[in-house]
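The values are calculated or read from the model by the stated rules, or taken from the named source; none is laboratory data. As the structure is a prediction and not an experimental result, all values here were calculated from the model. We place every Cβ from the backbone using ideal geometry, glycine too, and count neighbours over all the protein chains shown.
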Amino acid sequence: MRSIWKGSISFGLVSIPVRLYAGARRKNIRFNMLHQACHSRIRYRYWCPSCGEEVQRADTVRGYEYEKGRYVVVSDEEFEKLAAEQNRRIQLVDFVRLTEIDPIHYDSSYYVVPGEAGRKPYALLLEAMSDSGRIGIGRFVMRSKPHLVALRPHSRGLLLHTMYYQEEIRSFEAIEQAAGPVDISESEVEPREKEMAVQLIETLSEPFEPASYRNEYRERVLQYIEQKARGRDIKLPEQKPREVIDLMDALQESLQKAERKAE
């Protein structure tokens, strides 16, 4: 496994050489787009409508549209110079409690591994954060993109989460503007309904065990593909609309099923 970034963590005057490794990977099922007539794989090309010709990737540049149809071009060299200081350094600027961060801010996770000369300061930072009950908030640049990050103790080392900046997070009000107002003020909850809902939640409550959750949809699709590749004709289940039932009836039935499962 190759590291995806190499640099250092700095807090105060302490500098720790580190490398980042992806903390997780998606196991999505990837499909290629084919020509329906012959099942040949479709090719995607860069095409310039002004010149009327195909463009090679090496002949492209990065441009920002500041007015309709007008661009400022920024070269890779300019990007490197703009981010020179943060390209190879994760600068920790604050330490906060993990519970202060809303999970909506989290994006991707990376394991942080110390370089040979960085093991002692790495251990120092890990133990100091563990004892203080706080995690580090910092900034760095990876692949020409600036990131806000959270650095925290995890297992036997440090884990780094890239985060969304506040300006990148949509407010609930913005969602309401697109989807319509969400007004539940007139939706009065009956005490008995609430009591049963709480009871159902408690009956279904278990300690979080990540390994107990499987991507059943992925498994089902892979099984279907395998059977279809063998030439077998498989009948897929028909989608039936769910019946709308009384809320109390739904709670009662759900609670009974949960209790039977727990026995």
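What pairs can you find where one residue is in the range 9-30 and in contact (Cβ under 8 Å) with a residue 60 or more places away in the chain and surrounded by fewer than 10 Cβ atoms within 10 Å (Cβ to Cβ), the other is in a loop (DSSP other than H, G, I, E, B) and not charged (D, E, K, R), and their Cβ atoms are less than 7 Å apart, with a gap of 6+ or different chains?
Hits for this filter: K27/N215.
Quick grid of which residues meet (1) modelled with pLDDT under 95; (2) surrounded by 14 or more Cβ atoms within 10 Å (Cβ to Cβ); (3) among the β-branched types (V, I, T):
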position: S130; (1), (2), (3): no, no, no
position: Y165; (1), (2), (3): yes, no, no
position: R170; (1), (2), (3): yes, no, no
position: I175; (1), (2), (3): yes, no, yes
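Would you mind finding the one in R70, R19 that is assigned by TED's automatic domain parsing to the domain that holds L159 and either modelled with pLDDT under 90 or of a type outside the set (S, T, N, Q) (or both)?
Going through R70, R19 in turn, just one is assigned by TED's automatic domain parsing to the domain that holds L159 and either modelled with pLDDT under 90 or of a type outside the set (S, T, N, Q) (or both): R19.
Could you tell me whether any residue of the range 28-51 is outside any strand (DSSP E or B), closer than 17 Å to R143 by Cβ, at pLDDT below 90 and not small (G, A, S)?
The answer is no; no qualifying residue exists.
Which one of these does W5 not meet: (1) surrounded by 10 or more Cβ atoms within 10 Å (Cβ to Cβ); (2) of a type in the set (A, V, I, L, M, F, W, C); (3) at pLDDT 90 or above; (4) under 30 Å from V221 (Cα atoms)?
Failed condition: (4).
Within the range 180-213, take every residue that is among the β-branched types (V, I, T) and without any contact (Cβ under 8 Å) to a residue 40 or more places away in the chain and give me the one that is farthest from L247 (Cα to Cα).
Selected residue: V182.
List the residue pairs whose Cβ atoms are under 7 Å apart, where the first residue sits in the range 87-109 and is of a type in the set (S, T, N, Q) and surrounded by 12 or more Cβ atoms within 10 Å (Cβ to Cβ), the second is modelled with pLDDT under 95 and assigned to a loop (DSSP other than H, G, I, E, B), and the two are 6 or more positions apart or on different chains.
Filtered contacts from the range 87-109: S109/G23; S109/A24.
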